[in-house]
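Accompanying notes for the structure given below.
The values are calculated or read from the model by the stated rules, or taken from the named source; none is laboratory data. This one's a predicted model, so the numbers in the text were calculated from it and none came from an experiment. Methodologically, a virtual Cβ is constructed for each residue, glycine included, from the backbone with ideal geometry; neighbour enumeration extends over all protein chains shown. Note: accessible area is taken over every heavy atom of the protein model, side chains too, but ligands, DNA and RNA are not part of it. Shrake-Rupley method; radii C 1.70, N 1.55, O 1.52, S 1.80 Å.
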Amino acid sequence: MIACLGRIVQDTDADSIPDDDVSTLSESLDLQGTIESGGITGVAGKDFGGLYSVKPLALIKPSGTEDIARVVNAASRTSHLTVAARGNGHSINGQAMADGGFVIDMRSTEENHFKPLTIDGSHYIDVSGGALWEDVLKRCVSMFRLAPRSWTDYLSLTVGGTLSNAGVSGQAFRFGPQTSNVTELEVVTGKGEITVCSETQNSELFFGALGGLGQLGIITRARVKLQRAPDMVRWIRVVYTEFEEFTRDAEFLVTQEEGESFDYVEGFVFSNSDDPINGWPSVPLDPDHEFNPAYIPQTAGSVLYCLEVALHYRNSERPSTVDTAVSRLLERLGSIQRLKFQLNVSYVEFLLRVKQGEEHAKANGNWDSPHPWLNIFISKSSIVDFDRTVFRKMLKDGIGGPMLIYPLLRSKWDSRTSVVLPEGEIFYIVALLRFVPKGPTVEKLVAQNHEIIQWCNKEGLDFKLYLPHYQSKEDWKRHFGNQWTRFVERKTSFDPMAILAPGQKIFKRTHIIKP
Ligand code: FAD
């Protein structure tokens, strides 16, 4: 059967495969799940970025891990076929695509594996790599009053997709990224082997797959640490005119012990204007809140800074206790006294806060427009220079979407994973989340992203791209720096023919055909 697959895929290219060959393919693969022609299902050739599109050979909807292993094994018996796991396709630069190859729709496995566990008194949940974090949240809270500890801002992302990068949000200063909050994975390697791995079992694969950009294996199951879910969240935004004060307070909050700080710390830059997307109206948390620009000191420049924090609490706590805890923390901050916004929301509502934005953007067509996003980790030693040139000059009029910036702590990240970070204990994530209409603006904004990266390089800033995207091996080598050799060794061990995640453009498919 495999020989038959080899004949099909070697004799034809993706453009010329007729539909009935997909049914032959399906028979050859002997899947429990289904297979669709890549040409018919446009979804596998697109992503959230809207900047790239390719034509896969086929979209596979596996029923489980065995199907995935079968597909990888089949590809390994050809000279050129690649396999891309597609989580929810929320990459920007084609990372989940496979030109002429197999795309595995991980969402079709989202119901698999869901199982709570208690080990040595600690709670965990086993979930599919194809599960959406929003479903993990809803199920864990409603069924067990438990929840994962570390999140992303937006939860319609898959477990495998974020674990292949890092998974960062306002809780990461305390618990580390999502990659620091899993203890076991089941992975289908590029050799088609199904392997369970953890810190103590097949540890090279475990740490390599975390932040591994899908290069070493397809994560089919993850064991995620849980904590007791709070009932409610006090969600707060305060405003600064001076970057130095904003960073001083943000760094103060992320370096305090648990119980001495907020449970969530993020921030964003906004323009000192009435721009509806990037100006004053972007700060209030509720339509009832009013941002009164008269409270902004005269000395303020073209951009302002908003620190966004949140405190968890239980329904059983008295409102006055929560008020006191919040006031005690806010008193220590040097933000503008009269520009303070607070809201009480349920914990689930808080974690799903971006969903509202998604619905709004879908209604006005912005969700499906291109997203030339740029995410960078920049060390504390470089962040003032970055602010001075990039935020205050290059982007002072806004970018048509949020400009996030908040500090993270290197000590909360495990250096054995494949994630690449700048030097120094404190570094910032900067996320330029542009929403733009199709057309020439897109190219201009992609060019502006390049300009920012080039400027960072020229000025010798200590930075690394998050959700990196490079075209050449040289750039990837530079990105990985002294972790490159280890990454290549791991690739050679677990995906020697470079079958997996071709959309990352790190390694070229090799031609060693399995006997
Ligand atoms: P995909 O885009 O489908 O895949 C990403 C990469 O991972 C591809 O290379 C793919 O082949 C690989 N992959 C997918 N599934 C698996 C698997 N099971 N095993 C191995 N490899 C796999 N990131 C943050 O850290 N914090 C945020 O707050 C955040 N917010 C976001 C908000 C929005 C609206 C969007 C669009 C993205 C956001 N991201 C954020 C980025 C997001 O984490 C990454 O783009 C992530 O890769 C998307 O997950 P996905 O499930 O859509 O993965």
* Asked: Got a sec? Which of Gly94, Gly42, Gly50, Gly89 is open to solvent by 20 Å² or more (accessible area, probe 1.4 Å) and at positive phi?
  -> Gly50
* Thr299 passes all but one of (1) among the β-branched types (Val, Ile, Thr); (2) within 25 Å of the chain's Cα centre (by Cα); (3) in a loop (DSSP other than H, G, I, E, B); which number fails? -> (2)
* Taking only pairs six or more apart or across chains, which ones have beta-carbon atoms under 7 Å, a first residue in segment 145-164 that is outside the structural domain of Gly64 (by the TED database) and surrounded by fewer than 20 Cβ atoms within 10 Å (Cβ to Cβ), and a second residue that is at pLDDT 95 or above and part of a loop (DSSP other than H, G, I, E, B)? -> Arg145/Ala229; Leu146/Ala229; Arg149/Gln171; Arg149/Asn181; Asp153/Ser169; Ser156/Asn88
* Could you list, in sequence order, all residues of segment 220-230 that are open to solvent by 10 Å² or more (accessible area, probe 1.4 Å) and either within 16 Å of the chain's Cα centre (by Cα) or of a type in the set (A, V, I, L, M) (or both)? => Leu226
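With segment 307-388 as the region, which helices (runs of 4 or more DSSP H) entirely inside it contain at least 3 residues that are within 25 Å of the chain's Cα centre (by Cα) and within 24 Å of Met232 (Cβ to Cβ)? Spell out how you get there, then give the answer.
Numbers: elements: 319-331, 347-351, 353-363, 380-386.
Output list reads 347-351, 353-363.
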* Might you check whether a residue that is crowded, with 18+ Cβ neighbours inside 10 Å, out of contact with any strand residue (DSSP E or B) (no Cβ under 8 Å at 6 or more places or on another chain), among the small types (Gly, Ala, Ser) and assigned by the TED database to the domain that holds Leu285 occurs anywhere in segment 407-430? => yes
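Which one of these is open to solvent by less than 40 Å² (accessible area, probe 1.4 Å), out of contact with any strand residue (DSSP E or B) (no Cβ under 6 Å at 6 or more places or on another chain) and at pLDDT 95 or above: Gly217, Gly212, Gly267, Gly190?
On the way: Gly217 fails: out of contact with any strand residue (DSSP E or B) (no Cβ under 6 Å at 6 or more places or on another chain); Gly267 fails: out of contact with any strand residue (DSSP E or B) (no Cβ under 6 Å at 6 or more places or on another chain); Gly190 fails: out of contact with any strand residue (DSSP E or B) (no Cβ under 6 Å at 6 or more places or on another chain).
That would be Gly212, the only listed residue that is open to solvent by less than 40 Å² (accessible area, probe 1.4 Å), out of contact with any strand residue (DSSP E or B) (no Cβ under 6 Å at 6 or more places or on another chain) and at pLDDT 95 or above.
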* In segment 199-209, residue nearest to the ligand (Cβ to nearest atom) [restricted to those that are open to solvent by 10 Å² or more (accessible area, probe 1.4 Å) and touching a residue at least 24 places away in the same chain (Cβ under 8 Å)] -> Phe207
* Structure fact -> Exactly one of Lys505, Lys464 is buried (at least 17 other Cβ atoms within 10 Å of the Cβ), modelled with pLDDT of 95 or more, over 28 Å from Val72 (Cβ atoms) and within 16 Å of the ligand (Cβ to nearest atom), and that residue is Lys464
